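Trainee: Supplied in structure tokens, the structure appears directly below.
The values are calculated or read from the model by the stated rules, or taken from the named source; none is laboratory data. Note that the structure is predicted; figures quoted are calculated from it, not measured. Every residue, glycine among them, receives a Cβ derived from its backbone with ideal geometry; neighbour counts consider all protein chains shown.
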Amino acid sequence: MKVSYSKGCVLVIDKPAGYTSFDIISIIKKKLKVKKAGHTGTLDKFASGVLVLCTGWTTKLVPYFMDMDKRYIATIQLGIATDTHDCEGAIIATHEVNCTFEEIDSCLQDTFVGTISQTPPLYSAVKIGGRRASDRVRRGEEITIAPRTVCIYAINVLNFDKQRAQITLDVLCSKGTYIRALARDLGNSLQVGAHVVRLQRIAVGHFSVDNALRLEQCDELPGKEIKNIDGVYAPYDALYEFGVVEVKEKALINIKHGKHLTADDVVTATEKNELFRVIPEGQKVLVAIAHKQGEVYRCERVFVEEIDMLDTIL
């Protein structure tokens, strides 16, 4: 079945540094002439790398992509702290750096790898009273952000430039992890201060920057079919990490009316994790997202648009 950009697809963009996530949404809307698009997790303006966008009805899939793990390459400047914890902020403290590689690596592995408590930066998109924390700070308001639990699965030190006092890290982490906060906390732990000078998100879940679209490539997309284009995914393919439940045609009306799927509805089921893509028998059309509950599959999100479209062609 042909899928259109305006109707709904998932785009994986290699965002250049210097653009906000909302800048990219605006650009994509104009390039592809789509009315509705949304990103699945903010990437800082100074940062580059993977930004997953959903167009059309697939904006309903945004929460599922936001839950995916992230991987970053970050270069951190030791000895200089800024108010935003990145290279765009004002310098608030400087220190001499006499740390050895062993001391830095030991601090990273012992203090920051695993499930940790992390306080997001004041200059962030975290909502306080319905407004972005960064907007409140820029208006001169004093705010407090509560720490949150995140998981950093691994930190690998790729390079330590002792002369510049810069360290480059490969970080694999859960959703909600701020690399700027990691730099801030590392600097505080080492008592030298620190901030991020370069940041690239190289992966979101199974999406890699190696297969992402550059902005200039998006000019060539209108008029092309979605299949066989790196960085462009039909909804079913985009949720590759989910299992699959293939259902009989008669089950579609039950799904539409919010009923559970029983063994009598299911043709085949393949498990990958706790979530499943629900599709009609023989077709890779995403009609729902479900999770298994005992002997039934409970549809937690139903895509009526896709079911209605199937009704017109079946």
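Trainee: Out of Thr40, Thr75, Thr84, Thr100, which single residue is within 15 Å of the chain's Cα centre (by Cα) and either within 25 Å of Val209 (Cβ to Cβ) or without any contact (Cβ under 8 Å) to a residue 40 or more places away in the chain (or both)?
Mentor: Within the list Thr40, Thr75, Thr84, Thr100, the selection yields Thr40.
Trainee: Shifting gears a bit: Residue by residue through the stretch 269-290, note down the ones that are farther than 20 Å from Met309 by Cα and not small (Gly, Ala, Ser).
Mentor: Passing the criteria: Thr270, Glu271, Lys272, Asn273, Glu274, Leu275, Phe276.
Trainee: Within the stretch 29-50, how many residues turn out to be closer than 25 Å to Lys284 by Cβ and either among the small types (Gly, Ala, Ser) or buried (at least 23 other Cβ atoms within 10 Å of the Cβ) (or both)?
Mentor: 5
Trainee: Here's something else I'd like to know. Which pairs turn up if I take residues in the stretch 202-223 that are closer than 15 Å to Ser48 by Cβ and of a type outside the set (A, V, I, L, M, F, W, C) and look for partners that are at pLDDT 90 or above and surrounded by 17 or more Cβ atoms within 10 Å (Cβ to Cβ) with beta carbon separation below 6 Å, at least 6 apart in sequence or on another chain?
Mentor: Listed by first residue and then by second, the contacts come to Arg214/Asp14.
Trainee: Listed residues Arg180, Arg201, Arg184; which is surrounded by 18 or more Cβ atoms within 10 Å (Cβ to Cβ), more than 20 Å from the chain's Cα centre (by Cα) and not in a loop (DSSP other than H, G, I, E, B)?
Mentor: Of Arg180, Arg201, Arg184, the one residue that is surrounded by 18 or more Cβ atoms within 10 Å (Cβ to Cβ), more than 20 Å from the chain's Cα centre (by Cα) and not in a loop (DSSP other than H, G, I, E, B) is Arg184.
Trainee: Here is a further query. Counting only residues that are closer than 11 Å to Val245 by Cβ and charged (D, E, K, R), which one in the stretch 270-297 is surrounded by the most Cβ atoms within 10 Å (Cβ to Cβ)?
Mentor: Arg277
Trainee: Filter the stretch 226-245 for residues that are over 16 Å from Lys284 (Cα atoms) and not β-branched (Val, Ile, Thr); which is modelled with the highest pLDDT?
Mentor: Gly231
Trainee: What are the residues in the stretch 149-169 that are surrounded by fewer than 18 Cβ atoms within 10 Å (Cβ to Cβ) and closer than 20 Å to Asp67 by Cα, if any?
Mentor: If the condition is that a residue be surrounded by fewer than 18 Cβ atoms within 10 Å (Cβ to Cβ) and closer than 20 Å to Asp67 by Cα, then Thr149, Cys151, Tyr153, Ala154 are the ones that fit.
Trainee: How many residues does the stretch 98-123 hold that are over 30 Å from Glu141 (Cβ atoms) and among the hydroxyl-bearing types (Ser, Thr, Tyr)?
Mentor: 4
Trainee: To continue, here is another question. Does Lys250 count as farther than 17 Å from Lys7 by Cβ, surrounded by 13 or more Cβ atoms within 10 Å (Cβ to Cβ) and among the charged types (D, E, K, R)?
Mentor: no
Trainee: A further question on this structure: With the requirement that a residue be part of a loop (DSSP other than H, G, I, E, B), under 16 Å from Val171 (Cβ atoms) and out of contact with any Phe, Trp or Tyr (no Cβ under 8 Å at 6 or more places or on another chain), what does the stretch 111-130 give you?
Mentor: Matches in the stretch 111-130: none.
Trainee: I want to confirm something. Restricting to the stretch 1-28 and keeping residues that are in contact with a helix residue (DSSP H, G or I) (Cβ under 6 Å, 6 or more places away or on another chain) and surrounded by fewer than 19 Cβ atoms within 10 Å (Cβ to Cβ), which single residue is nearest to Pro222 (Cα to Cα)?
Mentor: Among them, the one singled out is Ser6.
Trainee: Could you pull out every one of the helices (runs of 4 or more DSSP H) wholly within the stretch 228-314 that has 2 or more residues that are under 30 Å from Leu213 (Cβ atoms) and not acidic (Asp, Glu)?
Mentor: Filter on the stretch 228-314 gives 235-238, 304-313.
Trainee: Continuing with the same structure: Taking the stretch 131-148 as the search range and keeping residues that are in a loop (DSSP other than H, G, I, E, B) and of a type in the set (Asp, Glu), which one is surrounded by the fewest Cβ atoms within 10 Å (Cβ to Cβ)?
Mentor: Filtering the stretch 131-148 for residues that are in a loop (DSSP other than H, G, I, E, B) and of a type in the set (Asp, Glu), the one surrounded by the fewest Cβ atoms within 10 Å (Cβ to Cβ) comes out as Glu142.
Trainee: Just checking, does the stretch 137-147 include any residue being of a type in the set (Ser, Thr, Tyr) and under 30 Å from Glu241 (Cβ atoms)?
Mentor: no
Trainee: So the check is Cβ under 6 Å with 6+ separation or different chains; which pairs have a first residue in the stretch 165-186 that's in the same structural domain as Thr82 (by TED's automatic domain parsing) and under 19 Å from Ser134 (Cα atoms) and a second one that's assigned to a strand (DSSP E or B) and of a type in the set (Asp, Glu)?
Mentor: Within 6 Å, the pairs are Arg180/Asp86.
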